[in-house]
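The values are calculated or read from the model by the stated rules, or taken from the named source; none is laboratory data. Every value quoted in this text rests on a predicted model; they were computed, and no experiment measured them. Every residue, glycine among them, receives a Cβ derived from its backbone with ideal geometry; neighbour counts consider all protein chains shown.
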Amino acid sequence: MKIALIGNPNSGKSSLFNALTGMNQKVGNYPGVTVDRKLGEMNKGTPHSATLIDLPGIYSLYPNSEDEQIACDIIRNPLHKDHADIWVVVADATQLRRSLLLCTQMTDMQLPVVLAVNMIDLIEDSDKYIHFEKLAAKLAIPVIPVSARTKSGIEPLKKILQKPVPISGTRVLKIPEGLQLVIEDIKGLINTENDYLAYQAYITPDTFTYLPEATRNQMKELSPMHASRELIANEMLVRYDRIDLFLEDSLRPVATLAEKRTILLDKIFIHPIGGYLIFLSILLLIFQMLFSVAEFPMQGIEWIFGELGEGIRSIMPQGSMFSHFVTDGVLAGIAGIVVFVPQIAFLFLFISILEETGYMSRVVFLMDRIMRPFGFSGRSVIPLIGGMACAVPSIMMARTIPNPKERLITILVTPLMSCSARLPVYVLLTALFVPDMKILGGLGNLKGLVMLGLYVMGFVMALLVAFLLKKLMNYKSDGIFVSEMPLYRKPRWQNVGTTIWKKTYAFLYETGKIILVISVILWGLKSFGPGNRFTQIETKYDGMIQLSPEKADSLKMEKSSEMLKSSYAGVLGKTIEPLIRPLGYDWKIGISLLTSFAAREVFTGTMGMIYGMSESVEVEDEAQRKTLTERIAKEYPPAVAFSLLIFYAFAMQCMSTLAVTRRETGSWKWTAFMLIYLTLLAYGAAFVAYRIALEWF
Amino acid sequence: MKKRKLSVLKIGETATISTVETAEMQVALMNLGVLEGDTCRLSDIAPLGDPMAILVNGTKISLRKKDAEKVWVTP
């Protein structure tokens, strides 16, 4: 049996879903769109086991966004794989009138409906205010008071859902006399017996996306489409008139405690000055936690994978290609994926707490006007700021932006924000041309100032590009923007936990595949070379090591340096040399640019390897950094370092970001667009920077 | 009775929604359970004067200034 939960956003639908299914959940994606498909199992392992589907939140059966469209498709199309046998309409007890709008639409659809009046714990003596029995009689469907938070009413609800529910609901909307003929025609066209479904098709044929286009076009000819909004408004008025009758035995509860608390808290949280200060403090706290706490598991993961690689190397035949492939290709690729998990988990921990408590909509409220000129709404603020930590979870967060164009713009510019992976590159490169100089009377350091400048530059560029994209896409950010600011409440930790789990899982299993493929390709480029140059180098160094075994270590490093230079990556680096010449780069930097496509921080490792140092050059390590900077400084003028710095500030040097963009846009086209525009931007900016630097330095 | 636009209300002022100009706006408000005849109170105005938030039927709703200009209230 399939049971679907539907209801308004903020009605506690997901909490109820969690309460009914426990941890038996999985999350996927609806094909072709970026809408989560949440499935769970209720009464697992018992004869009453049933599949539960948590549909995206909707206010009515007239969709306004991509996820609402999915929910409506499932409800309207009896052949959809998620079309359920029982529909549980989840209502917010404190917003009963509004919740019944959707409920009466569902009963008009003549589907088996159960009404779950959720969050009754928010109303003291809820029985006094809501007359559940009379409401059930008037709606002619089962009505169950529940609280997902206190778990009251969950068992009675489960019991009702054990056996099929009859189609019994009161029908509210009558088809006007003059329309009956055309409605009959549409019923034939879309193959339904239901008047109301045909009426929906009559007034909004273009939202019937599940039907073939030919059918849709036939419906459009019958439809008064120019007046569809007026007809929807009229329908809603009819419904609300009837709902007021349904609720005449119930009283509107007096202002709840949560409501009073919200009014008070908003005096603080959206205060014209205090509000911004609090927002800034919360951001600082999150970043502080991210950098100080997430750092430990990240180092742990790197250590575990390092040891694992050593272990595999020791049990496999020495120097065999297979062992090389497993450890440096596959294992390193997996490590590169897993290392993101702490950052993703931590960021989503904070973000879901902010969402759960209702604070997020206050951020939107505070930032909306400021962001609007750039094609953003307040919703884009969090993904953009998150980009300063890591673009990967930030792009995943953009899912909460309802407008598809705004979401796309946000995703496309987020990688311009300077993320934490750029830091080692920045540290290495600023050391090359910025003197170690105290400024502001010893308060700061010139290097720090340059670093800050880079962050600001990334942010300004993100706004600039967003503004251009907005113009290019002809996106007008002036649509109606009316939204609910939910009452403040304590976070429900189970919801927080499931969000973290779902996001991490989605990243590992859906994005991970792409990342693994790219890293194996990059490994292949580094590990193979044209002709038999590799074997020549092998024999040459084997001979040398045999002659002077005491120099074995340094000879091995020289060997890997020479091998890298003659690998395909090396050949490619040399091939692109004429292309990157204008930026001041030679083929050695070319190799580093290519290999650091995996992740920006790989740049330091590759440069180290070219100079015959170990590949695991650590920028944090004073001595190693000094050696590397000295070697680079010997060969390149400061202008090159400056040009590289600008290049890395803008370039799309991160395969994980690319992979997650593919997942979140659902399109290779936009992913390619992102890669190309960022590369061109980086190239252009680095060119200008190099020319200027040549004049100045 | 004298009609005003919702957008001219001051913080803390209470009024009754009398008419909503466009069907689109009407539907957007009705989705959130806000109907003509409901009483609302302007509770917050963001810095820069936009957006604004109203308390209505026990919930808080934020709307942009240009949308609030489509809503007429009495008194």
Tally the residues that are among the small types (Gly, Ala, Ser), touching a residue at least 40 places away in the same chain (Cβ under 8 Å) and surrounded by fewer than 21 Cβ atoms within 10 Å (Cβ to Cβ), restricting the search to segment A:16-50.
1
The condition of being out of contact with any helix residue (DSSP H, G or I) (no Cβ under 7 Å at 6 or more places or on another chain) and assigned to a loop (DSSP other than H, G, I, E, B) holds, among A:ILE167, A:ILE175, only for A:ILE167
Checked segment A:264-301 for anything without any contact (Cβ under 8 Å) to a residue 40 or more places away in the chain, within 14 Å of chain B (Cβ to nearest Cβ), part of a helix (DSSP H, G or I) and surrounded by 12 or more Cβ atoms within 10 Å (Cβ to Cβ); matches are A:LYS267, A:GLY274, A:ILE278
Kindly indicate whether any position in segment A:117-127 is within 14 Å of another protein chain (Cβ to nearest Cβ) and under 31 Å from the mean Cα position of the chain (by Cα).
yes
Given (1) farther than 12 Å from A:LEU5 by Cβ; (2) in contact with a helix residue (DSSP H, G or I) (Cβ under 8 Å, 6 or more places away or on another chain), where does A:ASP85 come up short, assuming only one miss?
(2)
So which residues in segment A:358-401 are away from chain B (no Cβ under 14 Å) and either of a type in the set (Val, Ile, Thr) or outside any helix (DSSP H, G or I) (or both), if there are any at all?
A:GLY375, A:ILE382, A:ILE385, A:GLY387, A:MET388, A:ALA389, A:CYS390, A:VAL392, A:ILE395, A:THR400, A:ILE401
Kindly establish whether A:SER314 is surrounded by fewer than 16 Cβ atoms within 10 Å (Cβ to Cβ) and among the polar types (S, T, N, Q).
yes
Somewhere in segment A:221-231, is a residue modelled with pLDDT of 85 or more, assigned to a loop (DSSP other than H, G, I, E, B) and within 13 Å of chain B (Cβ to nearest Cβ)?
yes
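Based on what the data block shows, is A:LYS81 over 23 Å from A:TYR199 (Cα atoms), in contact (Cβ under 8 Å) with a residue 40 or more places away in the chain and either in the same structural domain as A:ILE6 (by TED's automatic domain parsing) or not in a loop (DSSP other than H, G, I, E, B) (or both)?
Values: over 23 Å from A:TYR199 (Cα atoms): yes; in contact (Cβ under 8 Å) with a residue 40 or more places away in the chain: no; either in the same structural domain as A:ILE6 (by TED's automatic domain parsing) or not in a loop (DSSP other than H, G, I, E, B) (or both): yes.
The answer is no for A:LYS81.
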Search segment A:543-593 for residues being among the aromatic types (Phe, Trp, Tyr) and part of a helix (DSSP H, G or I), and hand back the single one that is nearest to A:SER519 (Cα to Cα).
A:TYR568
Condition (residue is buried (at least 17 other Cβ atoms within 10 Å of the Cβ) and among the charged types (D, E, K, R)) applied to segment A:535-556: is it met by at least one residue?
no
How many of the residues making up segment A:254-263 are within 11 Å of another protein chain (Cβ to nearest Cβ) and assigned to a helix (DSSP H, G or I)?
5
Return a yes/no flag: does segment B:19-31 have any residue that is within 11 Å of the chain's Cα centre (by Cα) and in contact (Cβ under 8 Å) with a residue 60 or more places away in the chain.
no
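Sort out which residues of segment A:68-88 are of a type outside the set (A, V, I, L, M, F, W, C) and farther than 18 Å from A:GLN200 by Cβ, and write them in order of number.
Of everything in segment A:68-88, those that are of a type outside the set (A, V, I, L, M, F, W, C) and farther than 18 Å from A:GLN200 by Cβ turn out to be A:LYS81, A:ASP82, A:ASP85.
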Which listed residue is under 19 Å from A:GLU295 (Cβ atoms) and in contact (Cβ under 8 Å) with a residue 24 or more places away in the chain, from A:VAL425, A:VAL330, A:VAL363, A:VAL413:
A:VAL425
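When segment B:1-53 is examined, which residues are found to be more than 11 Å from every other protein chain (Cβ to nearest Cβ), over 16 Å from A:GLU230 (Cβ atoms) and part of a loop (DSSP other than H, G, I, E, B)?
Looking only at segment B:1-53, we keep the residues that are more than 11 Å from every other protein chain (Cβ to nearest Cβ), and these are B:1-10, B:13-19, B:21, B:39-40, B:42.
Imposing the further condition that a residue be over 16 Å from A:GLU230 (Cβ atoms) reduces the set to B:1-10, B:13-18, B:39-40, B:42.
Selection gives B:MET1, B:LYS2, B:LYS3, B:LEU9, B:LYS10, B:GLU13.
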